[in-house]
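No lab work stands behind these numbers, since they all come straight from the coordinates. Bear in mind the structure is a predicted one, so any value in this text is a computation, not a measurement. Positions of Cβ are generated from backbone atoms using ideal geometry, with glycine treated the same way; all protein chains shown enter the neighbour counts.
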Amino acid sequence: MKPHGLDEVIALVSGLSPIDKVRLVERVMATLEEDLQSLQPKTSLYGLWTGVNASGDDLDEARATAWKNFPREDI
């Protein structure tokens, strides 16, 4: 069976009766819920920098170092 693009699916759905559209939405929502449950939870970044004492001067120096060769002439 050939996979359908979104526009093709929407065209097919437009031919359904209202009750069949409701049934379709129910099925899609059920599969969407399963898909979302299978996603890995994102790791929290809270506390990532705990114990790091960077001053404003440290940040300015790091920023200047990162940007000192921008824009590069050889690119």
* Asked: Which residue pairs have Cβ atoms closer than 7 Å, lie 6 or more positions apart in sequence or on different chains, and pair a first residue in region 8-34 that is touching a residue at least 24 places away in the same chain (Cβ under 8 Å) with a second residue that is aromatic (F, W, Y)?
  -> none
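Can you pull out every residue in region 54-75 that is assigned to a loop (DSSP other than H, G, I, E, B) and polar (S, T, N, Q)? Let's see the steps before the verdict.
Going through region 54-75, the residues assigned to a loop (DSSP other than H, G, I, E, B) turn out to be 54-55, 68-75.
Correct list: S55, N69.
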* Test each condition in (1) among the charged types (D, E, K, R); (2) over 31 Å from the mean Cα position of the chain (by Cα); (3) in a loop (DSSP other than H, G, I, E, B) for K2 and report the one that comes out false. => (2)
* To do: Please go through region 22-53 and pick out each residue that is assigned to a loop (DSSP other than H, G, I, E, B) and of a type in the set (G, A, S).
  => S38, S44, G47, G51
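State all residues of region 25-75 that are of a type in the set (A, V, I, L, M) and either farther than 30 Å from I10 by Cα or touching a strand residue (DSSP E or B) at 6+ places or on another chain (Cβ under 7 Å) (or both); if no residue qualifies, say none.
L45, L48, V52, A54, L59, A62, A64, A66, I75 - these are the residues of region 25-75 that are of a type in the set (A, V, I, L, M) and either farther than 30 Å from I10 by Cα or touching a strand residue (DSSP E or B) at 6+ places or on another chain (Cβ under 7 Å) (or both).
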